[in-house]
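For reference, the structure discussed in these notes is given below.
The values are calculated or read from the model by the stated rules, or taken from the named source; none is laboratory data. It should be emphasised that the depicted structure is a prediction, and the values quoted were computed from it without experimental measurement. Here the Cβ positions follow ideal geometry from the backbone for every residue, glycine too, while neighbour counts run over all protein chains shown. Remember, those area values only see protein heavy atoms, side chains included, never the ligands or the DNA or RNA. Shrake-Rupley method; radii C 1.70, N 1.55, O 1.52, S 1.80 Å.
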Amino acid sequence: MSPNAHHIRNIVKLLESARYRHDMYRLFSDCMEAMAILFANAVDLRQRDAREARYLEIVRHYERDVIETFPKILAEVTLAMEAAPGDVLGAVFGQLELHNTARGQFFTPYEVCRLMARMQIGDGAHLREIVERNGFAMAQEPACGAGAMVIALAQEMQDAGVNYQQHLHVTAIDVDPRAVHMAYVQFSLMHIPAVVIVGNSLTLEEREHWYTPAHVLGGWNMRLARRGAEDACRAIEVRPASPEPVATPAPAPILPSPAKAAQLTLF
Ligand SMILES: C[S@@+](CC[C@H](N)C(=O)[O-])C[C@H]1O[C@@H](n2cnc3c(N)ncnc32)[C@H](O)[C@@H]1O
């Protein structure tokens, strides 16, 4: 049994405690959005007021005892990700049988995601070469669901000795805002630098941008812009305007955490 199974069961129980008063699909969606707003509003000040208003609109719909389950659910998600990083919310979505309500929105089993990421990374030599050359690797997920493929990629990078929190940037898109909120919460907890977009990968329409705390705190807008400028300069065979070459930091090693640390290893 997975080490996070107990926490996943607790999340399901907490949500089911309101099943007889509220439509589960809406309750789950609202809970995901409220949790996403909590992370976003700590770092994304430009969108803060609109999101705060949306949060108040969500909580107005529920009784006090139902609202009180939201932080408990977030605590269980955190503990589950700490016990074994994975697609915790995708598993909850499946156990609540919401994929049927969502017209067959199935997520890839996490073990399959890990296998695919492992095949992609191999022994990690090419990844390390990219990171040494460019400072970071970029990943695109055009239909992210709850983010299982990205979480697996981050874990495989970690296993290959590359710190994804500093050397990976993710752009993830889903047409369904509920999926975006789930992915955003999980990426935020794992401190993955990412922008998660509500949009359509086929028509290239983009409606909402959710920047993870790792993206904002890591200054990724600047890092990505600088990389874009360097690529453009390379493409027209001129040197970057900056008088000093920008030093590319060596990949930071992931240090083993102390055996009995009081601090969660996620943070
Ligand atoms: C089968 S799920 C897979 C999710 C995830 N990649 C995984 O492996 O668990 C497909 C996802 O694609 C999203 N999707 C479908 N059409 C899309 C489109 N045109 N643009 C962006 N996302 C889309 C759905 O909302 C759904 O979350």
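Condition first: polar (S, T, N, Q) and under 23 Å from Asn10 (Cα atoms). Can you find one or more residues in the range 119-138 that meet it?
no
Identify the residue in the range 199-215 that is open to solvent by less than 60 Å² (accessible area, probe 1.4 Å) and over 13 Å from the mean Cα position of the chain (by Cα) and, among all such residues, is nearest to Gln186 (Cα to Cα).
Residue satisfying both the conditions and the ranking: Gly199.
Could you name every one of the strands (runs of 3 or more DSSP E) located completely within the range 132-245 that has at least 2 residues being touching a Gly at 6+ places or on another chain (Cβ under 7 Å) and at pLDDT 95 or above?
Values: elements: 137-141, 168-174, 194-200, 205-211.
In the range 132-245, the matching strands (runs of 3 or more DSSP E) lie at 168-174, 205-211.
Conditions: (1) within 14 Å of the ligand (Cβ to nearest atom); (2) farther than 22 Å from Leu224 by Cβ. Gln155 meets all but one. Number of the miss?
Tallying (1) within 14 Å of the ligand (Cβ to nearest atom); (2) farther than 22 Å from Leu224 by Cβ, Gln155 fails exactly one: (1).
Got a sec? Which of Gly94, Gly86 is more than 15 Å from the chain's Cα centre (by Cα) and not acidic (Asp, Glu)?
Matching residue, one of Gly94, Gly86: Gly94.
Here is a list of conditions, (1) of a type outside the set (Gly, Ala, Ser); (2) within 11 Å of the chain's Cα centre (by Cα); (3) open to solvent by less than 40 Å² (accessible area, probe 1.4 Å), and His191 meets all of them except one; can you say which number that is?
Exception for His191: condition (3).
Any residue in the range 161-169 that is touching a strand residue (DSSP E or B) at 6+ places or on another chain (Cβ under 6 Å) and within 16 Å of the ligand (Cβ to nearest atom)?
no
How do the helices (runs of 4 or more DSSP H) wholly within the range 3-121 filter down when requiring 2 or more residues that are within 16 Å of the ligand (Cβ to nearest atom) and either out of contact with any Asp or Glu (no Cβ under 6 Å at 6 or more places or on another chain) or open to solvent by less than 40 Å² (accessible area, probe 1.4 Å) (or both): which remain?
Filter on the range 3-121 gives 24-43, 88-95, 98-101, 110-121.
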